[in-house]
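Participant: Here it is, the structure in full.
Read the figures in this text as sums done on the coordinates, not as results from a lab. Predicted, not measured: the structure shown is a model, and the values here were computed from it. Glycine gets a Cβ as well: all are built from the backbone with ideal geometry, and neighbour counts include every protein chain shown.
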C-alpha cells in the first residue's frame, strides 16, 4: 500500500510516496517544480538500540518503558536476586532483579519516569 506525504526539509517542500515492504520502506523523493527524478531509499523498520557499556556496578534498563515501582532505597543492602524495581513495557510489568549483592548507592529513577534501553536504573557499591 502506497501513501503520499508532503515533507519540508531545510525550507524545501517535497512530495513523498511511501510504500511498506517486507524488510523496510521504499521512499520516492520528487523535488517540486522540476522534472521528477525518483530515488528509492530502503529504511529499516526499527531503530538500532543504543550501544553503550553501563558503568561498573550499575543496572540498566533492558528495554524502554515506564517505572511503576521502586522497591529499594539508597543505602539499602540487597542480595543477589532481589527485586529492585518494576518496569512496565508493552503493558507488561517486568521485575528488575539485582544481579549481585551489595549496597544501593544511587537510585537513578523514580515512579512514573520513562526510560530507554540502556538507561541507568540503580548503582551498587
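Participant: Would you mind calculating the gained length between residue 83 and residue 68 on full extension (0.36 nm times residue separation, minus the Cα-Cα distance), in nm to one decimal?
Facilitator: My answer for the length gained is 4.1 nm.
Participant: Beta carbons within 10 angstrom, averaged per residue: use that to sort the peptides 96-108, 7-19, highest first.
Facilitator: Per-residue Cβ counts within 10 Å, averaged per peptide and sorted highest first, yield 96-108, 7-19.
Participant: Mind sorting 125, 82 by how few other Cβ atoms lie within 10 Å of their own Cβ, fewest first?
Facilitator: Listing 125, 82 from fewest to most nearby Cβ atoms yields 125, 82.
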